[in-house]
Each structure stands twice: as C-alpha cells, then as structure tokens.
Amino acid sequence: MGGVEDESEPASKRMKLSSRVLRGLANGSSRTEPAAGSSLGLMARPLPIEGDEEVIGSKGVIKRVEFVRLIAKALYSLGYEKSGARLEEESGIPLQSSVVNLFTQQISDGLWDESVVTLHKIGLSDENLVKSASFLILEQKFLELLDQEKAMDALKTLRTEITPLCIKNSRVRELSSCIISPSSCGLLNQNKRNSARARSRSELLEELQKLLPPAVIIPERRLEHLVEQALVLQTDACMLHNSIDMEMSLYTDHQCGKEHIPCRTLQILQSHNDEVWLVQFSHNGKYLASASNDRSAIIWEVDENGSVSLKHKLTGHQKPISSVCWSPDDRQLLTCGVGETVRRWDVSSGECLRVYEKVGHGLISCAWFPDGKWICYGVSDRSICMCDLEGKEIECWKGQRTLSISDLEITSDGKQIISICRETAILLLDREAKYERMIEENQTITSFSLSKDNRYLLVNLLNQEIHLWDIKGDFRLVAKYKGLKRSRFVIRSCFGGLKQAFVASGSEDSQVYIWHKGSGELIEPLPGHSGAVNCVSWNPANHHMLASASDDRTIRIWGLNELNTRHKGARPNGVHYCNGNGTS
C-alpha cells in the first residue's frame with residue numbers, strides 16, 4: 001500500500017529516486033549526493049490508492065496494489081530500473097512513499113540525524129519498533145565515528161542519543177567498551193575501512209527492511225520467495241515426487257508419474273539356502289547386507305550402474321541371524337544370531353573381527369553408536385548392554401528393556417536407545433539424562449524403524465497396520481498405513497525415497513507395499529515374490545532402488561520401470577538378472 005506523496009514533486013522525479021535507492025540496495029553502494037526533494041513536513045500514513053481494494057485472480061485473494069508493488073520490486077531487483085519506473089508511472093502505484101524513499105536514501109548517504117527524524121515521519125504506530133530502528137541507525141553512526149577516529153563524537157552519540165532509548169542495555173555496554181579498546185570489539189577493519197563501511201550500510205538497510213512492516217518497505221526478493229514457496233508446496237503435495245533431477249517449470253503445474261517409483265524387478269539374488277529374513281543397505285548405498293534362516297549373512301556390492309553382486313558370504317553363527325547393523329562408516333557390519341552371539345565383520349575382507357557374548361545369556365539384537373567406538377546389544381534377560389569394540393562392558397540397563405524378538409535403534413546423537421520393552425510398548429531411553437519415555441500401542445508390536453532425522457518411528461503391529469509416530473517433543477500418532485497382510489510372522493518396514501517421503505513394507509501375501517508417508521495413501525503393491533516378504537530396505541543414496549527379502553529364499557532389487565533397462569549376462573555368484581517378471 002502506498003503512502004502520502006509530496007505533491008510538489010513530479011512523478012518522474014519520484015521514479016528516479018526510487019530507482020536510485022533500489023540500485024544502491026542491489027549493489028551495496030552508498031551515494032554521497034543529498035536526496036532531491038524533501039518530505040520532512042509530511043507524515044507517511046497510508047492513504048487509499050485508486051483501486052486499493054481491487055482484487056485479481058480467479059480466487060479473489062490477490063490485492064491488485066500489492067501485486068503491482070511486488071512486480072515493481074522484482075523488476076528493480078533484477079536491474080530493470082526503467083521497466084520498474086514505467087510500471088510505477090503507468091499503474092499510479094508507487095513502490096514506496098516519498099518519505100520512505102527519502103529515509104532509505106539518507107541511510108545510504110550516512111545522514112544519520114536526518115534519517116532518525118524521517119523515521120518518525122513514516123507513521124509507525126509501534127513506539128518500540130521506532131526505538132529499535134533508531135537504535136540500529138544510531139549504532140551505525142557510533143561505529144562509523146569510531147572508524148573515523150572521532151572518539152569524542154562517538155561517546156557523545158552513545159550518551160545523548162543511544163542510551164536515552166533505554167533498550168538493549170547489554171549492547172550499550174558492548175559499545176561502551178569499544179571506546180576504551182576499539183580493536184577488542186572485532187567490529188572495525190582498519191585495512192578496508194571504506195569498503196567495510198559501505199557494506200555495513202547496505203546491511204543496515206537490510207536489517208531495517210526486516211524490522212519495518214512489509215507494507216512500508218517490501219522485503220527483498222519477496223516475489224521470488226512466493227514463487228519458490230509455490231513450487232515447493234507443489235512438490236510436497238505430489239505423492240509421487242521422487243527425483244531430485246526433475247526440472248520445475250513456472251509454465252505448468254508440477255505433476256509426477258509412477259515412473260519415478262521403484263516398482264520393477266531388476267534383479268533376483270539367489271545365494272541363500274533358506275528364508276531370507278533381513279536386508280539393509282549401507283549408509284552410503286554401496287553395499288547391501290542380507291541375513292537368513294540358513295545361519296549366514298551376505299554382503300552384496302552395488303556398482304555404479306546399480307547392479308548388485310555377491311561380495312562376501314559370512315558364516316559362523318550357530319543359529320539363524322535376526323539382526324544386522326552397519327557401522328557409521330560402512331566399513332564394518334554387526335550380525336546377531338537368535339539368542340546367540342553378536343559378530344563384527346570387516347566389510348572389505350569378510351573377516352570376523354570379534355565375537356561378543358554374555359555368559360549365561362543369549363544376545364538378540366545389535367546396534368552401533370554414531371561415533372563407531374561402541375556397540376549396543378539386547379540380551380535375553382531383557383537388559384540392554386553397551387560395550388567398546390574390544391568387548392569391555394561400559395554400561396548395562398537391566399530390567400524390562402527389550403523382548404526376545406526385538407529391534408534396536410540408537411539416535412544419531414547417541415543419546416537415546418530405542419527398543420521394544422513390552423508387547424505393546426516401545427522404550428526410548430535417554431542414557432545421558434537417565435530418563436525413560438514410552439510409546440504405548442493397543443496392539444502387539446512386531447518391529448519398528450527410525451527415520452534418518454530421528455523424528456519419526458514406523459511401528460509395525462500385529463493387526464496389519466503400520467503406525468507413524470512423531471517422537472520430537474510429545475509423542476504424536478500422525479499416520480496409519482493399511483493394506484498389507486500379516487498374521488504369523490515378523491514383517492519389517494522402512495522409510496525411503498527422496499527426503500524419505502515414502503514408506504515401504506513387506507507382507508505375508510508375497511507383495512511389497514509402498515505408501516506416501518504424508519498422506520498415508522497406498523501408491524503401489526509390488527508382486528513378484530512367491531513367499532512372505534519379511535523385510536524391505538530403500539537405498540539411501542539411490543532413491544530409485546529398493547530391496548526386499550522373502551521366504552522364497554530370494555532378494556529382489558526393484559528399480560524404475562524403464563523399457564530401456566538392460567543388464568549383462570549372469571555372473572558365477574548366484575546372481576540372476578531378470579527382465580521384470582522374474583524370468584531370464
């Protein structure tokens with residue numbers, strides 16, 4: 001909205017002043033010539049402009065005056081000063097009132113006393129806001145006087161102009177110390193005095209723009225911000241958005257298809273001799289670990305083309321493997337046998353580096369601390385223990401901390417340990433604050449998964465639902481995912497895709513299910529397996545790659561449904577390349 005104009009000033013001059021000011025803001029320079037024209041006798045209280053209440057657009061929510069001012073601001077910011085001035089002239093809608101133009105010019109010129117006087121004429125109703133703006137201006141005056149080695153003038157400004165404002169007392173004390181020892185403030189740059197002062201005036205204008213109401217001075221790049229916001233909202237609302245490379249256009253509304261969702265079988269991995277219970281990609285996406293009822297684990301390697309091949313088959317466990325966990329740097333892998341031991345493996349060589357056990361008890365789950373110096377494991381006596389890599393126990397939390405079949409997670413800051421402590425409850429143990437919280441469900445919990453940002457937990461329930469919990473602050477159930485089948489087995493789900501915007505899960509009906517995390521809508525069930533799908537894992541480095549483990553003894557690698565996908569022949573390691581329907 002515009003303000004009072006100086007009727008004695010011609011329109012052409014108003015446009016010239018506006019463009020000068022905006023040019024100064026854009027390149028950070030200041031002008032030494034005084035501003036032409038004066039509005040010192042006027043107040044810049046907003047007055048109605050012709051068509052001020054007129055709205056445009058099909059929804060009737062865009063005010064014409066605001067829209068025109070935003071366009072003019074954008075034109076000036078892009079360097080189209082003549083076009084901006086012509087828009088002001090033709091529309092009759094000024095970008096800023098003449099008083100505001102004068103104010104910004106005075107700031108650029110370093111006319112501090114005059115700018116404070118003009119500030120009071122802008123017509124701001126909030127006295128605290130006026131004081132805060134005055135403080136910023138006078139602080140700049142003070143610092144530039146010190147920069148010019150005019151210590152007595154700076155002291156006078158501090159005592160007679162800044163201190164009487166009675167605000168920001170701690171900052172006033174800091175400024176006082178600058179008079180005694182200017183170098184200790186770290187505010188002055190004697191070697192680049194002129195450029196430092198010019199930059200600080202531009203920064204001062206930006207600070208004042210943030211402080212003053214946007215109707216008085218439109219924020220920089222406001223139109224660009226609105227357009228970017230609209231594009232981001234469109235992608236966030238798109239259930240199928242899963243590509244960082246997809247170009248956005250202002251010419252059309254954003255819309256994705258299923259071609260960016262991994263829904264086509266690219267490979268079938270067949271090196272386990274029994275049901276495959278677990279799959280988990282490494283943090284860097286270069287490896288995939290699988291674990292089976294055949295008491296073995298396999299480290300698979302993912303090449304730069306997305307093809308997966310067997311790297312090491314890990315043997316030594318005496319019982320089926322129920323848990324795997326990658327080290328933070330992906331150089332080592334933990335595996336845990338059902339009620340047995342935890343083994344630590346070297347990924348490069350496939351060598352078992354150490355076996356962890358607890359006398360008289362079996363281990364049931366394992367996890368790494370984020371610094372890679374300690375590990376954590378669940379014990380059959382329902383306790384959780386922490387030890388170093390050599391096996392020395394650091395701490396043990398006894399009591400009902402975990403169940404015999406349990407997942408174990410540690411937040412990325414290393415502070416919280418998460419486990420299933422009862423059939424219907426998940427424990428979040430803060431090991432530093434010695435504080436415990438619990439998520440309570442009405443159904444039996446079979447597994448859970450923690451999001452990369454530590455904010456969400458996916459909780460799989462026996463009643464064929466997956467619940468999404470927000471664990472930041474107070475626990476809050478935010479979504480439910482339905483459609484999968486579960487009656488007897490432990491089925492695991494995961495987050496995945498771009499910004500982890502999707503949820504994927506196995507199912508006892510031999511299918512993989514994918515939902516949009518935010519809306520809870522089912523995107524696609526993926527058929528292909530011939531047995532229950534026990535676990536899924538989404539590659540964190542490749543949003544278009546998903547792995548699934550099944551009772552049919554295979555692992556499927558899912559990718560994009562592109563007709564031109566080709567793979568070379570089979571390798572002598574049990575890897576089977578397929579064409580999407582499971583046949584050679």
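The values are calculated or read from the model by the stated rules, or taken from the named source; none is laboratory data. This one's a predicted model, so the numbers in the text were calculated from it and none came from an experiment. Using ideal geometry, Cβ is built from the backbone for each residue, glycine included, and neighbour counts are taken over all protein chains shown. Ligands, DNA and RNA are excluded from the accessible area calculation, which covers all protein heavy atoms including side chains. Shrake-Rupley method; radii C 1.70, N 1.55, O 1.52, S 1.80 Å.
Mind scanning 258/311; 82/141; 63/517; 452/482; 258/480 and naming the pairs with a C-alpha gap bigger than 28 Å?
The answer is 258/311; 82/141; 63/517.
With r defined as the distance between the Cβ atoms of residue 153 and residue 390 and R0 fixed at 60 Å, what FRET efficiency is calculated, to the nearest 0.05?
My answer for the efficiency is 0.30.
What is the distance in Å between the Cα centres of the range 121-181 and the range 330-358?
For the range 121-181 versus the range 330-358, the Cα centre distance is 64 Å.
Quick one: length gained pulling residue 168 to residue 236 fully straight, 0.36 nm per residue minus the C-alpha distance? Write out the running numbers ahead of the final one.
Values: separation 68, 0.36 × 68 = 24.48 nm, distance 4.08 nm.
Result for the pair: 20.4 nm of gain on full extension.
How would you classify the range 260-392 from its alpha-carbon gyration tensor, with a ≥ b ≥ c the square roots of the eigenvalues: rounded for a/c under 1.5, else prolate if a/b is greater than b/c, otherwise oblate? Each step should come with its number before you reach the end.
Values: a/c = 2.02, a/b = 1.57, b/c = 1.29.
Since a/c reaches 1.5 and a/b is larger than b/c, the shape of the range 260-392 is classed as prolate.
Using a 1.4 Å probe and ignoring any ligands, DNA or RNA, find the accessible area of residue 347 and quote it in Å² to the nearest 10.
Probe radius 1.4 Å; accessible area of residue 347 about 0 Å².
Quick one: net charge of residue 554's neighbours, Cβ under 15 Å, K/R +1, D/E -1?
Net charge around residue 554: -3.
Please identify the trypsin sites (Lys or Arg not before Pro) of the range 398-447 that satisfy two criteria: DSSP loop assignment and at most 10 other Cβ atoms within 10 Å. Which are they?
The qualifying sites are 434.
Hand me the GluC sites (Glu not before Pro) from the range 357-457 located in a DSSP loop with no more than 13 other Cβ atoms within 10 Å, in residue order please.
When the GluC sites (Glu not before Pro) of the range 357-457 are filtered for loop state and at most 13 Cβ neighbours within 10 Å, 390, 423, 432 remain.
Can you sort 272, 260, 283 by solvent-accessible area, 1.4 Å probe, largest first?
These residues rank, largest area first, as 283, 260, 272.
Please give the contour-minus-distance gain from residue 207 to residue 331: 0.36 nm per residue of separation, less the Cα-Cα distance, rounded to one decimal in nm.
Numbers: separation 124, 0.36 × 124 = 44.64 nm, distance 4.79 nm.
That pair, residue 207 and residue 331, stretches by 39.8 nm at full extension.
Quick one: Cα centre-to-centre distance for the range 208-252 and the range 524-564, in angstrom?
35 Å
Report, in whole Å, the centroid distance computed from the Cα atoms of the range 57-98 and the range 273-291.
58 Å
Could you report the accessible area of residue 236 in Å², rounded to 10, computed with a 1.4 Å probe on the protein chains as they sit in the structure?
90 Å²
State, to one decimal in nm, how far the label point of residue 438 lies from the label point of residue 251, with both points 7 Å from Cα in the Cβ direction.
Between residue 438 and residue 251, the label points sit 6.0 nm apart.
Would you please give the FRET efficiency between residue 181 and residue 499, computed as 1/(1 + (r/R0)^6) with r the Cβ-Cβ distance and R0 = 45 Å, to the nearest 0.05?
That gives a FRET efficiency of 0.40.
How much length would be gained if the chain were fully extended between residue 120 and residue 346, taking 0.36 nm per residue of separation minus their Cα-Cα distance, in nm to one decimal?
74.3 nm
Could you state how much accessible area residue 248 has, in square angstrom rounded to the nearest 10, with a 1.4 Å probe and all protein chains kept in place?
70 Å²
Which whole-Hz couplings ³J(HN,Hα) result when phi for each residue of the range 379-395 is put into the Karplus expression 6.51 cos²θ - 1.76 cosθ + 1.60, θ = phi - 60°, listed in order with x for Gly and Pro?
Going residue by residue, I get 10, 5, 7, 6, 9, 10, 10, 10, 9, 7, 5, 8, x, 6, 6, 8, 7 Hz, with x marking Gly and Pro.
Probe radius 1.4 Å, ligands and nucleic acids left out: which of 175, 266 has the largest accessible area, and how do the rest follow?
Numbers: 175 0, 266 30 Å².
In descending accessible area the options line up as 266, 175.
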